[in-house]
Amino acid sequence: MSKKEEREKQTGKVYLVGAGPSDVELLTIKGTRLLQKADVIVYDRLAGTGVLIYGNPEAEYIDVGKQAGHHPIPQQEINQILRRKAEEGKMVVRLKGGDPFVFGRGAEEAEELFRDNIPFEVVPGITSAISVPAYQGIPVTHRDMASSVHIITAHKKDGGMPERQYQILAKTEGTLVFLMGVTALPDLMEGLMRAGMDPMRPAAVLERGTTARQRKIAGTVGTLAKQAKESGIRPPAIILVGEAAGITGLEWYEKRPLAGTKILITRPRERSGRLAGMLRDKGAEVLEVPAIRTVPCEDQSRLLQALKRLEQYQWMVFTSPAGAELVLRLMREQHMDIRKLSGLRIACIGKGTAEILESRGVFADLIPQVYDGRHLGRELGVLLKTGEQVLLPRAANGNPELLSELRNAYSGEGMPLIDEISIYDTVPEKLPYIDYASELKPGNTDYVMFTSASTVHGFVRAAEGADMSGVKALCIGKQTEAAAKQYGMKTAVAREATLQAMVELAENINRESVWE
Ligand code: SAH
């Protein structure tokens, strides 16, 4: 192998990936796949941190975010980071807001990589220039009104736009889209009018597009600067000029029941997606911030032994989807046929857990009326007969009420025979890229959803120091609520312990006052 070949083999690769405008689901499939397998993820603030949930949990996360006005990490240094990590043989995802090659200095980063002979690929993204208007019901082209789109930077880098450019833009019939233009807005509108544009031409400014807080201020070239100032428009925002800016009647975003509502969800990573999807279907902005992680116990010998002599049990109890999945996985690894369970009766704490088993063709014999440990214990206790044995593989630190209720309800002889085995731990999770305190500031997040008491504890721990008294917690059940109250949160509880009921709670809460 030549020196050059050797070097190329060792060098990693940099992917310049477009993250889309903010709505997490506008990340491309390719971008998602690359994030999942990245070794290093380099991102900035505009990229909309929500997409980072698709990032490899083991990756190194590097925040190179620029704050408006000052640049904590200079571009030169960002380039160095990309180069260094690639030279270490790492697979690097450089996430850029919107599309990587529409402003935002993606081109410069690519040029540097090219110059340094670092392999790279570009993964286009959905640019804010087109998607932010679309989320406001504004088509940037229209057969009758706008036959071209022009994307222009309004960044006042070198003292604003040259007069010559105003002359050209003022004559353009199409839609003008200005990026990075909030501070320059008055100058822009004046420049256009000076160059002869009709002050009555429609214009609009669109703030924080594709998020729950998206706003549109519409007027004309003559009025927009004043309106934007009065409304306190702040970056990120785009400015539209042209007939398209005046199009109304196609607003679709706000029509959905949870539009304008931002919800944080705290379920473990692998269970978060389904709830996120259900809420997004209703129009909510969802930020996935898993607050707990399940870690299988290293020593599973007790469970394995129990599985080998299943015939001695009459009941097997599952108290969480994670527990059910773990047991089924172990069975598969042991080449244990599902038919081995045929002699057992199966109890599940709730529908979610039962679904895991159903997906393997096993239907639960007992699901309590109310999906919690207390009710499960009570109902199982009533059914349990003298001499019957129960296999209970569950979390270390599982809810003690399950056992105490079971014993109370049991009417057989002697003590009920329960083989409780710890199979996993629930540990708190803190995401490196989430600014918890900022998410919880008034006006940023509407609700935080908790689907177990442990998610409450995990979240509070991750958000250490943040004020919880303003948090509106949507809780799956009474125990979860008790945990949330313990930290001073305002609470509301779902009518039953299902994801569907959680979504309904979020929908109804906008109308009803159910806070305690
Ligand atoms: N590459 C990005 C643009 C980077 S420049 C893209 O393709 O979208 C940053 C500018 O993009 C901001 O100043 C703002 O004008 C615009 N922008 C990005 N996200 C936005 C959003 N969600 N809402 C409104 N404007 C946005």
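The values are calculated or read from the model by the stated rules, or taken from the named source; none is laboratory data. What you see is a predicted model, and the numbers here were worked out from it, not measured in a lab. Glycine also receives a Cβ, built like all others from the backbone with ideal geometry; neighbour counts cover every protein chain displayed. Note: accessible area is taken over every heavy atom of the protein model, side chains too, but ligands, DNA and RNA are not part of it. Shrake-Rupley method; radii C 1.70, N 1.55, O 1.52, S 1.80 Å.
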Next item on the list: Identify all residues within segment 386-415 that are closer than 16 Å to L344 by Cβ and free of Cβ contacts under 8 Å to residues at least 60 places away in the same chain; write none if there are none.
Entry: G387
Checklist line | Among the candidates R339, R345, R302, residue that is of a type in the set (D, E, K, R) and either modelled with pLDDT under 95 or open to solvent by less than 30 Å² (accessible area, probe 1.4 Å) (or both) | finding: R339
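Conditions (1) under 26 Å from V456 (Cβ atoms); (2) more than 33 Å from the chain's Cα centre (by Cα); (3) open to solvent by 40 Å² or more (accessible area, probe 1.4 Å), marked per residue:
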position	(1), (2), (3)
Y371	yes, no, yes
G381	no, yes, no
A395	yes, no, no
P400	yes, no, yes
Next item on the list: Answer yes or no: is there a residue in segment 192-205 that is surrounded by 14 or more Cβ atoms within 10 Å (Cβ to Cβ), within 15 Å of the ligand (Cβ to nearest atom) and assigned to a loop (DSSP other than H, G, I, E, B).
Entry: no
Item checked: Hey, A107 more than 10 Å from the ligand (Cβ to nearest atom), open to solvent by 10 Å² or more (accessible area, probe 1.4 Å) and either more than 30 Å from D39 (Cα to Cα) or in a loop (DSSP other than H, G, I, E, B) (or both) or not -> no
Notebook entry, point to check: Which members of segment 140-164 meet the condition of being within 33 Å of the chain's Cα centre (by Cα) and open to solvent by 40 Å² or more (accessible area, probe 1.4 Å)?
Noted result: T141, V149, H150, I151, T153, H155
Next item on the list: For segment 465-506, enumerate the residues that are within 14 Å of A453 (Cβ to Cβ), open to solvent by 40 Å² or more (accessible area, probe 1.4 Å) and among the hydroxyl-bearing types (S, T, Y).
Entry: Y487
Checklist line | Verdict on Q167 being open to solvent by 50 Å² or more (accessible area, probe 1.4 Å), farther than 30 Å from T211 by Cα and under 35 Å from the mean Cα position of the chain (by Cα) | finding: no
Note to self: Checking A134 against (1) in the same structural domain as K216 (by TED's automatic domain parsing); (2) open to solvent by 50 Å² or more (accessible area, probe 1.4 Å); (3) within 15 Å of the ligand (Cβ to nearest atom), only one condition comes out false. Which one?
What the structure shows: (2)
